[in-house]
Amino acid sequence: MEKLIKLREIVKNYQVGTQAVLALRSVTLDIYKGEYVAIMGASGSGKSTLMNIIGCLDTPTSGNYTLNDKDVSALGDDRLAEIRNTEIGFVFQTFNLLPRYTALENVMLPLIYAGVVKEKRIELATEKLLSVGLQDRMEHRPNELSGGQRQRVAVARALVNTPSILLADEPTGNLDSKTSEEIMRLFALIHAEGNTIILVTHEEDIARHAHRIIKLKDGQIETDHINETPIY
């Protein structure tokens, strides 16, 4: 299998006032193309810091991070922003949709940043909204959609640039249990199409949808195992 992500001895320190906080302690990890991985851990375990580094939202204090054969460990902000827009699709707990934009316009946003012409933007965004079952909600604004529908818009937006990774941070955190299961079924379909998914969660029942579960504790990998019985 092809290695998509290579993390080597990743350390991340933060300065909080006069106190140094060691968030990640020499984390070494490979994630392969097409994997469905859940990263788990309690508050303070380092999972959010690891997600931010994988998502190029932050850089390590030391160590090396290679994404799709590109060393992104020490890139500047502009180059990191470019990689985020082309390589990584983000799905957040709070959806992060622009309230004045329709579902279609929200999904088109990454394509605007990528310089795609308008006709192609509409075509690609429409295609992604169809793929998540929102063909009859494309002209609705976020306040006219349910929580599950808003998260589907966010998933469509994350996938519209055909990224290398779908990175989901607590994607069901603001949803009821029934809607959470619907979103997780959607993720299973996305994974079945060959997409790489990295899911960050503190919930065991959500993590069990993934095919591999990594648990962090005190900034280190505590366990890393294959889930033989993922939930579909």
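Structure notes:
- When every residue of region 15-33 is checked against the conditions, at least one turns out to be in contact with an Asp or Glu (Cβ under 6 Å, 6 or more places away or on another chain), of a type in the set (G, A, S) and surrounded by fewer than 17 Cβ atoms within 10 Å (Cβ to Cβ).
- Failed item, numbered, when N96 is tested on (1) assigned to a helix (DSSP H, G or I); (2) closer than 24 Å to L124 by Cβ: (1)
- Residue in region 195-210 that is touching a Phe, Trp or Tyr at 6+ places or on another chain (Cβ under 6 Å), at pLDDT 95 or above, buried (at least 21 other Cβ atoms within 10 Å of the Cβ) and in a loop (DSSP other than H, G, I, E, B) present: yes
- Filter result for R152 (closer than 22 Å to Y232 by Cβ, assigned to a helix (DSSP H, G or I) and either in contact with a Pro (Cβ under 8 Å, 6 or more places away or on another chain) or among the charged types (D, E, K, R) (or both)): yes
- Taking (1) within 25 Å of A81 (Cα to Cα); (2) not in a helix (DSSP H, G or I) in turn, L216 satisfies each apart from (1).
- Qualifying residue in region 155-162 (condition: in contact with an Asp or Glu (Cβ under 7 Å, 6 or more places away or on another chain) and not polar (S, T, N, Q)): no
- Any pair with Cβ under 7 angstrom, 6 or more apart, that starts in region 75-89 at a residue that is under 14 Å from L4 (Cβ atoms) and ends at one that is β-branched (V, I, T) and at pLDDT below 90: none
- Residue match in region 61-75 (condition: over 26 Å from I226 (Cβ atoms), touching a Cys at 6+ places or on another chain (Cβ under 9 Å) and assigned to a helix (DSSP H, G or I)): no
- Taken as a whole, the structure leaves R79 outside the set of residues that are within 23 Å of G34 (Cα to Cα) and basic (K, R).
- A residue that is of a type in the set (D, E), at pLDDT 95 or above and out of contact with any helix residue (DSSP H, G or I) (no Cβ under 8 Å at 6 or more places or on another chain) occurs somewhere in region 10-30.
- Residue tally, condition in a loop (DSSP other than H, G, I, E, B), crowded, with 19+ Cβ neighbours inside 10 Å and touching a residue at least 40 places away in the same chain (Cβ under 8 Å), over region 108-144: 1
The values are calculated or read from the model by the stated rules, or taken from the named source; none is laboratory data. The structure displayed is predicted, hence computed values, not measured ones. Please note: Cβ atoms are built from the backbone with ideal geometry, for glycine as well, and neighbour counts cover all protein chains shown.
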